[in-house]
1. How many nm is it between the label spots at residue 105 and residue 66, if each spot is 7 Å from the Cα in line with the beta carbon?
2. Just rank 94, 62, fewest to most, by other beta-carbon atoms within 10 angstrom.
3. Any chance you could run the full-extension gain for residue 58 through residue 149? It's 0.36 nm times the residue separation minus the Cα-Cα distance, nm to one decimal.
Amino acid sequence: MRAHYLLVLGIVTGLVAGCGKSDAPTTPPVTTPAPSVAALPPSAAVPVSSSTALPPPSRESIAARKLDPEKIRNGAAIYSKNCASCHGPNGEAISNWRERGADGRYPPPPLDGSAHAWHHSTATLERMIREGSPGVGGMPAWSGKLSDQEIGDVIVWIKTLWPDEIYDIWHKEIEGNQK
């Protein structure tokens, strides 16, 4: 049990440290195209960028999270249409997402549990998508383009990308503190 705690603590520390600027990895992460959630066989895992140190969640662990399958399907379709061109088809982003571009802005971060999106509550994620992140982030506001339901469904789908350990910490430490 102590080893598991130390592993999770080390991963969390690394991810928190990863929220800041650092040198780009020497090799870009290898990703696999994400099949539609509805098309996955029961034993398949939901794909996550291989740059994530933790294994991707299984369908069973996603079911244990009590995320609505219809919201997952809808969110995957909405994400694919509106978000994947910037954040990557599996939420993996680009390898140099921590480096400012020529315009002074940072590229879109990964959403797959390998960056800092999971450090935010559902309410904060909703607000960030609705209002955008002007300034160095540069994400456009999606209010008026996506409904509150569509934004919620995208967030549910993004949560399926997070490895079990990340989701568990998020659920307990971030979302659990919102009550």
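1. That separation, rounded to one decimal, is 3.8 nm.
2. On the way: 94 16, 62 23.
The most exposed by this proxy come first: 94, 62.
3. Result for the pair: 30.2 nm of gain on full extension.
Taken together, the values in this text are just the output of simple stated rules run on the coordinates, not laboratory data. As the structure is a computational prediction, the values presented were derived from the model and not from experiment. Don't worry about glycine lacking a Cβ; one is built from the backbone with ideal geometry, like all the others, and counts go over all protein chains shown.
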